[in-house]
Amino acid sequence: MDTFNQARTAFDRHVAGFRDADGSLPFALEAKFNHTGEVCEITERIIAGEARFSPRDTLIFRLCALFHDISRFEQYDKFRTFLDRASFDHGDRSAALIDELGLVPELPAEDRACIIDAVRVHNKFAIPADLPPAHLAAAKMVRDADKLAILRLIIRFFNGDCSDPTIRLDLPDTPDWTPAILETALSGKCVRYTDMKCINDFKLGLFAWSCDLNYPASAALALDEDLFGRVRVLLPASDGIDALLVSARTRLAKLRDKEA
Ligand SMILES: [Fe+2]
């Protein structure tokens, strides 16, 4: 068995510890299990779209996708929440679990260090400045794939295609939005959850993610699937919001067409 399939088996064995007697996962954990599968799938698509990574890099990226949320099972089991502030930082804990569970023991120490770093920073507000440059490509890859998977999930959620226990919005669903949030999103800055006053603010905040993708193939996927256009139609009619979509699409097209 190759390294990835061995890792997949180890991952599945870990997840099996959280299954009920009939083999099923609690609904919330099933959603996280599926999210990992989607991040793996998107990672493959970005790798294929970039067509410039070595077999070593490719294996590291695939393992980062597989392990990035591995602590979610323990998090929910112990705390009944996916809120990091009410439990633990799931990026830090997932990174620690790679060592604790002895995952991918056959990999060179530097490759394991790279995976552990990328997993640790995947959920941080920004990539820490002190991350070793050799670990940047993996950190950027898992962050891109995770964001794209979450965008897809949020769109499915708002279209009523899934009831997802991992999306928790403690915001009122009013028909308005906060002008200052639209301004922040238009300037390409990240909108903080604590500044949001309603669900439309949350949707506006998603546009800032178009500034935080790293790979041309990630931008291509976002454009091909029209992820931001599909968020736009979830919001009220407004010239300002139309302008937000135009700026997101322009930014993505620029990244997509950038020379690798
Ligand atoms: Fe995560």
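What follows draws every value from the coordinates through simple rules; no lab data is involved. The structure presented is a predicted model; accordingly, all values stated were derived computationally and were not measured. Glycine also receives a Cβ, built like all others from the backbone with ideal geometry; neighbour counts cover every protein chain displayed.
In whole percent, what relative contact order does the range 169-256 give with Cα contacts below 8 Å and a gap of six or more residues?
Values: 107 pairs, mean separation 27.2, N = 88.
The normalised contact order for the range 169-256 reaches 31 percent.
For Cα pairs less than 8 Å apart in space and 6+ apart in sequence, what is the mean separation divided by the residue count of the chain, i.e. the relative contact order in percent?
17 percent
Give me Val39, Val246, Val119 sorted ascending by neighbouring Cβ count inside 10 Å, so fewest comes first.
Details: Val39 24, Val246 11, Val119 30.
If I rank by nearby Cβ atoms, fewest first, I get Val246, Val39, Val119.
In the range 94-128, whose amide N lies under 12 Å from the spot 7 Å out along Cα-to-Cβ of His14? List them in ranges.
Residues passing the 12 Å test: 94-105, 116, 119-120.
Ranking Met1, Met196 by Cβ neighbours within 10 Å, fewest first, what do you get?
If I rank by nearby Cβ atoms, fewest first, I get Met1, Met196.
At 7 Å along the Cα-to-beta-carbon direction for both Thr178 and Ala21, put a label point, then send me their distance in nm to one decimal.
For the pair Thr178/Ala21, the computed spacing is 4.9 nm.
Please check: in the Gaussian network model of the chain (C-alpha springs, under 10 Å), which one of Asp226, Asp201, Asp144 has the largest mean-square fluctuation.
Asp226
Based on DSSP loop calls and a cut-off of at most 16 other Cβ atoms within 10 Å, the longest stretch of the chain free of exposed trypsin sites (Lys or Arg not before Pro) is what?
Longest site-free region, per DSSP loop and neighbour criteria: 198-257.
Exceeding 18 Å between C-alpha atoms, which entries from my cross-link table qualify? They are Lys124/Lys147; Lys124/Lys258; Lys147/Lys189; Lys140/Lys203.
Lys124/Lys258; Lys140/Lys203
Please report Trp209, Trp177 as a ranked list, fewest other C-beta atoms within 10 angstrom at the top and most at the bottom.
Trp209, Trp177
Could you calculate the FRET efficiency of Arg192 with Asp2 from 1/(1 + (r/R0)^6), where r is the beta carbon distance between them and R0 is 45 Å, rounded to 0.05? Don't jump to the answer; show the numbers that get you there.
Details: r = 42 Å, r/R0 = 0.94.
E between Arg192 and Asp2, to the nearest 0.05, is 0.60.
What distance in nm separates the simple spin-label points at Asp226 and Ser238, each placed 7 Å from Cα in the Cβ direction?
Distance between the two pseudo-spin positions: 2.2 nm.
What value does the range 169-256 have for Rg/Rh, both radii from Cα atoms and Rh as Kirkwood defines it?
0.96
Testing the spin-label approximation: label points 7 Å from Cα along Cα→Cβ at Leu171 and Glu106. State their distance in nm.
The answer from the label model is 4.6 nm.
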